[in-house]
Each structure stands twice: as structure tokens, then as C-alpha cells.
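Written out below as C-alpha cells is the structure these notes cover.
The values are calculated or read from the model by the stated rules, or taken from the named source; none is laboratory data. On a predicted model such as this, the values are computed, not experimentally measured, just so you know. Note that we place each Cβ from the backbone using ideal geometry, even for glycine, and neighbour counts take in every protein chain shown. Just so you know, the surface numbers come from the protein's heavy atoms only, side chains and all, with ligands and any DNA or RNA stripped out. Shrake-Rupley method; radii C 1.70, N 1.55, O 1.52, S 1.80 Å.
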Amino acid sequence: MDIKNNIKEFKNKISGKSCKLVAVSKTKPVSLLAEAYHEGVRIFGENKVQELADKYEKLPKDIEWHMIGHLQRNKVKYIAPFVALIHSVDSLKLLNEVNKQAKKNNRVIDCLLQMHIAAEETKFGLSEEELLELISSEEVGEMKNIRIVGLMGMATFTDNKEQIRREFRGLKKLFDKVSRQNTPQNVIIKELSMGMSGDYEIAIEEGSTLIRVGSAIFGERG
Ligand SMILES: *Cc1c(COP(=O)(O)O)cnc(C)c1O
């Protein structure tokens, strides 16, 4: 894998757009992350708490670490001191725990709410109804150590590009709707995390602000 060239290409693809690249480095060794860092990448995404914490220890401190995978409540404490953005918040209970651990660390942690947009039932995420309830709840409004800054979604794993586009478009529509709503001070809907190696082009066309790209940069995972 020519990481240097891949990153250059992605930089070209998003230049001039209000879209940022999250380099998804899960399962990849620190040496490859260091190579990407050398090419100017400053946002890395991981999906396992232990791996995220280990890599944080070993790499430069100006990296923004994003947690993109399913997060268990009992593990929030390990990433709360440093995580920049959690893409995968999908319950009030988890939000409560993030708020609690952020407070212990004297921080405000930015979170995205993960929406269920795929046809598969196995993927995590909130329904529109659950989202609307969550962002208008008084309890969330009182959480001083979190900020909800946007939405995240994963499209169905399919070759059907029209289906993927439809799912991303639906998420963007919801994003536009909630970003216009009156919400508590700590709910500022501005980021839309959608698009991976197989579907980032569609995601960018449909209004993504954060693409999460792994294999197209670092190669297939073993
Ligand atoms: C692994 C992963 C990605 C990146 O997947 P690629 O297909 O390798 O780009 C993006 N988002 C989430 C939530 C992931 O778990």
C-alpha cells in the first residue's frame, strides 16, 4: 500500500469541500499511523477502546482521536481523558456515562449520535423518533460535560449504489431538520459523519462533513 499517495489523493478529493478525513487505522500497526501522520493526517479513527488508548500513548499529542466503534459504558473511562469525538453514541445511558467521565477529567467531550439508516438489523443506531426525543430531553440539556455536535450513519453493505445514496440522503435530510431545530445549548448539530472506503464518494456528494476511511488508505485488514 502506498499510504503517502493514497493520502495525497484523498486530500485532493476533499480539498475545497467542507469535509474532513478521518483515517481509520484499526488493526494497523503504529508504524503505519506514524507514516500517515508524517503525510499530514491529524485525525485518526479507531473502533476498540484498548487499541485506541495504546495508540494514543505512542503517537504525537496533536492527534485528534475519534472513537468510531460501538462503545461499552464500562470502557468510557479509558478514553475520556483524551478522546476528541465519539461517533457512536446511541443511548441516553451511554451519553450519561460520557458526561460523568468527562466531568472527572474536567473536559467537555464532543459526541455524534449514531443513526440507524441501513437495512440490516444488526447495526447499532437510533431511530428518528429516538433522536428527536433525545436531543429535546431536559436531561441531555443539563449534561454540562458533553456536546452533541452531529450525526453518524452507516449505509447498508451492498453494491446497490442507489440504495446507499438513498440512505445517505435520508440522513442528510434528518440532519438538516435537526440542525434547524431549537435545541439545548449543548446540542449543536453541524457534523455529519458518513462514508467509508466503499461509499465515500456518494457520501461526499450527499453532504458528508466527516468521511471515515480505512482500507482505501491503509490496505485491507487481515
Ligand atoms: C472500519 C470502519 C470504517 C472504515 O472502513 P473501511 O471500509 O476500511 O474504509 C468506517 N466506519 C466504521 C464505523 C468502521 O468500523
Most to least accessible of Glu220, Glu39 (protein chains only, probe 1.4 Å): Glu220, Glu39
With DNA, RNA and ligands ignored, accessible area of Asp159 (1.4 Å probe; Å², nearest 10): 150 Å²
Region 1-112, accessible area per residue, ligands and nucleic acids excluded (1.4 Å, Å²): 49 Å²
Length-normalised contact order for the chain - Cα pairs under 8 Å, 6+ apart - percent: 20 percent
Reachable lysines, given that their alpha-carbon falls under 21 Å from the alpha-carbon of Lys100 and they are not under 8 places away in the same chain: Lys48, Lys75, Lys77, Lys144
Spatial separation of Cα centroids for region 108-152 and region 46-61, in angstrom: 24 Å
Ranking by accessible area, most exposed first, for Lys103, Lys20 with a 1.4 Å probe: Lys103, Lys20
Pairwise FRET efficiency - Lys17 versus Leu132, Cβ, R0 = 22 Å, nearest 0.05: 0.15
